[in-house]
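S.K.: Questions regarding the structure given below will be posed in turn.
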Amino acid sequence: MLNKLSDSIYYLSNQDDRERPTLGLVCGDRYSLIIDSGNSPQHAKEFLLEIEKINVPPVKYVVITHAHWDHFLGLNEIDATIIVNSQTSKMLKEWQRLSYDDRSLQKYGSTNKLSAMCIKIIQTEISNREGFTLKSPDVIFENTLTVDLGNKVCILEKIKSTHTDDSTIVFVPDENVLFLGDSAYGTTTNDLFHYKQSLLLPMIKDIQKYNAEMFLLGHESICDSNEMNIYWEEVTVASQVVKSPSLEEAMVSFKAEYKRDPNDNEVFFIKAFVNDHILHSQ
Ligand SMILES: [Zn+2]
């Protein structure tokens, strides 16, 4: 079922056990815009069926927040203008060249090109896989793009992000709502989960300039500004105490700086920043 955030904004909640991210819908007087197309044609179909049940203008645009499979593999189901930033466009080209038959999938699995979960979803939720080719984007932008849906503007911006180099966020000024995709999360490199430390403060600046009141996140659904501020605070204090690949040093520095033990979230972030140093020292 779609969640209604306002008269013009809806979203389908994320579903973690099936690696399904949050999907968004913004409606103007004339058109509607989808944010992320789902992790499979099946996911996209279910979203479109939910949209049919509500009385909204036709879907004219779909924005992909970044080129991670769970956010775009449903693209082919959506008959709309596909909008991405130029970096996402480059990364999607690789997916357009892939084959989706069992033999190819097995090969991608054994070389770690695709995760086991991704292969499972492809096998169970894409029909006619043998001939499947991912659609190409129609509109490619560099830094920002404004889309008018009819008395409802969406501002798309490619921001600096700790998650990927191709993160697009979508701001709806009328409602003060910001769709973040996965941009605020860390990332995994060589099996190590880490936050790109150098990008943290530039990213927070890019996001906070909108003064949004509500945030939609790829794998959390919805946060208000209070929850988001706590998140920024915890991740920032964690970052400030990590200056080397030593977890022990960071923990000592935290206690000296803040005169308390870090909470569970802060420990999680400290470890991720330490991992970032480990990766850079290799
Ligand atoms: Zn992602």
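S.K.: Give the residue that is farthest from the ligand (Cβ to nearest atom), with candidates limited to residues of region 25-44 that are assigned to a loop (DSSP other than H, G, I, E, B) and of a type in the set (S, T, N, Q).
M.R.: Taking region 25-44 first, the residues assigned to a loop (DSSP other than H, G, I, E, B) are 28-31, 36-40.
Retained after the next criterion (residues that are of a type in the set (S, T, N, Q)): 37, 39-40.
Values: 37: 14, 39: 11, 40: 15 Å.
Top of the filtered list is 40.
S.K.: Additional query: Just one of (1) within 14 Å of the ligand (Cβ to nearest atom); (2) not in a helix (DSSP H, G or I) trips up residue 171, so point out which.
M.R.: (1)
S.K.: Inside region 172-202, can you point out the residues that are surrounded by fewer than 23 Cβ atoms within 10 Å (Cβ to Cβ), of a type in the set (A, V, I, L, M, F, W, C) and either in contact with a Lys or Arg (Cβ under 7 Å, 6 or more places away or on another chain) or within 25 Å of residue 139 (Cα to Cα) (or both)?
M.R.: Within region 172-202, 199 is the sole residue that qualifies.
S.K.: If you go through region 65-78 one residue at a time, do you hit one that is over 22 Å from residue 126 (Cα atoms) and not hydroxyl-bearing (Ser, Thr, Tyr)?
M.R.: Our first condition is that a residue be over 22 Å from residue 126 (Cα atoms); within region 65-78, this holds for none.
Within region 65-78, none of the residues are over 22 Å from residue 126 (Cα atoms) and not hydroxyl-bearing (Ser, Thr, Tyr).
S.K.: Shifting gears a bit: Within region 193-214, take every residue that is more than 16 Å from the ligand (Cβ to nearest atom) and either in a strand (DSSP E or B) or of a type in the set (Phe, Trp, Tyr) (or both) and give me the one that is farthest from the chain's Cα centre (by Cα).
M.R.: So, considering only residues that are more than 16 Å from the ligand (Cβ to nearest atom) and either in a strand (DSSP E or B) or of a type in the set (Phe, Trp, Tyr) (or both), the one farthest from the chain's Cα centre (by Cα) is 210.
S.K.: Same structure, new question: Which of the residues belonging to region 6-22 are more than 10 Å from residue 179 (Cβ to Cβ) and within 16 Å of the ligand (Cβ to nearest atom)? If you could, list the steps in order and put the result at the bottom.
M.R.: Of all residues in region 6-22, those more than 10 Å from residue 179 (Cβ to Cβ) come to 6-8, 10, 12-21.
If the condition is that a residue be more than 10 Å from residue 179 (Cβ to Cβ) and within 16 Å of the ligand (Cβ to nearest atom), then 14, 15, 16, 18, 19, 20, 21 are the ones that fit.
S.K.: On to the next question. Mind listing whichever residues of region 142-171 are surrounded by fewer than 19 Cβ atoms within 10 Å (Cβ to Cβ) and closer than 30 Å to residue 276 by Cα?
M.R.: Of everything in region 142-171, those that are surrounded by fewer than 19 Cβ atoms within 10 Å (Cβ to Cβ) and closer than 30 Å to residue 276 by Cα turn out to be 142, 143, 144, 160, 165.
S.K.: I'd like the full set of residues that are assigned to a helix (DSSP H, G or I) and loosely packed, with under 14 Cβ neighbours inside 10 Å, limited to region 245-271. Outline the logic, then answer.
M.R.: Narrowing region 245-271 to residues assigned to a helix (DSSP H, G or I): 247-258, 264-271.
Matches in region 245-271: 248, 252, 255, 256, 257, 258, 264.
S.K.: Let me confirm something: among 242, 235, 274, which residue is buried (at least 20 other Cβ atoms within 10 Å of the Cβ), modelled with pLDDT of 95 or more and part of a loop (DSSP other than H, G, I, E, B)? Spell out the reasoning first.
M.R.: Working: 235 fails: part of a loop (DSSP other than H, G, I, E, B); 274 fails: part of a loop (DSSP other than H, G, I, E, B).
Of the residues listed, the single one that is buried (at least 20 other Cβ atoms within 10 Å of the Cβ), modelled with pLDDT of 95 or more and part of a loop (DSSP other than H, G, I, E, B) is 242.
S.K.: Show the residue pairs that are 6+ apart or on different chains and have beta-carbon atoms under 7 Å apart, the first residue being within region 130-152 and over 27 Å from residue 41 (Cα atoms), the second being among the charged types (D, E, K, R) and surrounded by 12 or more Cβ atoms within 10 Å (Cβ to Cβ).
M.R.: 143/157; 143/158; 144/157; 150/30; 152/174
S.K.: Hey, among the residues in region 155-168 that are out of contact with any Phe, Trp or Tyr (no Cβ under 6 Å at 6 or more places or on another chain) and part of a loop (DSSP other than H, G, I, E, B), which one's nearest to the ligand (Cβ to nearest atom)?
M.R.: First, the residues of region 155-168 that are out of contact with any Phe, Trp or Tyr (no Cβ under 6 Å at 6 or more places or on another chain): 156-161, 164-168.
Filter once more, so that each one left must be part of a loop (DSSP other than H, G, I, E, B): 159-161, 164-167.
Details: 159: 14, 160: 15, 161: 10, 164: 6, 165: 12, 166: 10, 167: 8 Å.
Checked region 155-168; the qualifying residue nearest to the ligand (Cβ to nearest atom) is 164.
S.K.: While we're here: Given the conditions (1) in contact (Cβ under 8 Å) with a residue 40 or more places away in the chain; (2) among the polar types (S, T, N, Q); (3) farther than 24 Å from residue 131 by Cα, and given that residue 88 satisfies all but one, which numbered condition is not satisfied?
M.R.: (3)
S.K.: Here is a follow-up. Would you be able to tell me the number of residues in region 228-263 that are without any contact (Cβ under 8 Å) to a residue 40 or more places away in the chain and over 26 Å from residue 179 (Cα atoms)?
M.R.: The number of residues fulfilling the criteria is 23.
S.K.: Something else now. Sort out which residues of region 164-191 are touching a helix residue (DSSP H, G or I) at 6+ places or on another chain (Cβ under 8 Å) and at pLDDT 95 or above, and write them in order of number.
M.R.: Of all residues in region 164-191, those touching a helix residue (DSSP H, G or I) at 6+ places or on another chain (Cβ under 8 Å) come to 165-166, 168-169, 178, 180-184, 186, 189-190.
Correct list: 165, 166, 168, 169, 178, 180, 181, 182, 183, 184, 186.
S.K.: Also, I was wondering about something else. Inside region 218-232, can you point out the residues that are within 16 Å of the ligand (Cβ to nearest atom) and either touching a strand residue (DSSP E or B) at 6+ places or on another chain (Cβ under 8 Å) or part of a helix (DSSP H, G or I) (or both)?
M.R.: Residues of region 218-232 that are within 16 Å of the ligand (Cβ to nearest atom), as a first pass: 218-221.
Within region 218-232, 218, 221 qualify.
S.K.: Test residue 99 against the criterion of being without any contact (Cβ under 8 Å) to a residue 60 or more places away in the chain, under 20 Å from residue 183 (Cβ atoms) and more than 16 Å from the ligand (Cβ to nearest atom), and give yes or no. Spell out the reasoning first.
M.R.: Details: without any contact (Cβ under 8 Å) to a residue 60 or more places away in the chain: yes; under 20 Å from residue 183 (Cβ atoms): no; more than 16 Å from the ligand (Cβ to nearest atom): yes.
Answer is no for this residue.
The values are calculated or read from the model by the stated rules, or taken from the named source; none is laboratory data. The structure displayed is predicted, hence computed values, not measured ones. Cβ coordinates were reconstructed from backbone atoms using ideal geometry, including for glycine residues, and neighbour counts include every protein chain displayed.
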